[in-house]
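J.: Got a structure here, written out as structure tokens. Questions coming.
Read the figures in this text as sums done on the coordinates, not as results from a lab. The structure presented is a predicted model; accordingly, all values stated were derived computationally and were not measured. Here the Cβ is made from the backbone with ideal geometry for all residues, glycine too, and neighbour counts use every protein chain on show.
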Amino acid sequence: MNAIFKAGGKQYLVKEGDVIYTEKIDAEVGKDVTFDEVLMVDGKVGTPLVKGAKVVCTLEKQGKQKKIIVFKYNPKKKYRKKQGHRQPYSKLVVKQIVK
């Protein structure tokens, strides 16, 4: 059974047992997280959401991605700006898809 749901402004296509990485979710590690904004379940498309459908996931890990360097400059103006950024993420395991 496949499902498409929204989390953190993005859409994810998942099935039971999948591991996904989403934007950081405020929850404790090991707890279950439920997503109610389900767009499609097993070929049934909602208008815009499927009523009564939800995706239950287990929060496995919170972390930060690798550092990226943001470097801005203007040539011939002596303007240089170097900045690093690490995006936080949540690792989720899809536990159950409810129709």
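J.: Rounded to the nearest 20 debye, what is the charge dipole size of region 2-98 about its Cα centre when +1 sits on each Lys and Arg Cβ and -1 on each Asp and Glu Cβ?
T.: Working: 22 positive and 10 negative charges, 283 e Å.
For this selection, approximately 1360 debye.
J.: Could you tell me the distance between the Cα centroids of region 58-91 and region 1-20, to the nearest Å?
T.: Here the answer is 26 Å between Cα centres.
J.: Which parts of region 68-99 would a label at D26 reach, counting a residue when its backbone N lies under 18 Å from a point 7 Å out along Cα-to-Cβ?
T.: 88-91
J.: Rounded, prolate or oblate: which fits region 39-87 when a ≥ b ≥ c are the square roots of the eigenvalues of the alpha-carbon gyration tensor, with rounded for a/c under 1.5 and prolate only if a/b beats b/c?
T.: Numbers: a/c = 6.60, a/b = 2.47, b/c = 2.67.
Here region 39-87 falls in the oblate category.
J.: Which entry is the computed mean projected area of the Cα convex hull in nm² for this structure: (1) 8.5; (2) 7.0; (3) 5.6?
T.: After the calculation, the listed value that fits is (1).
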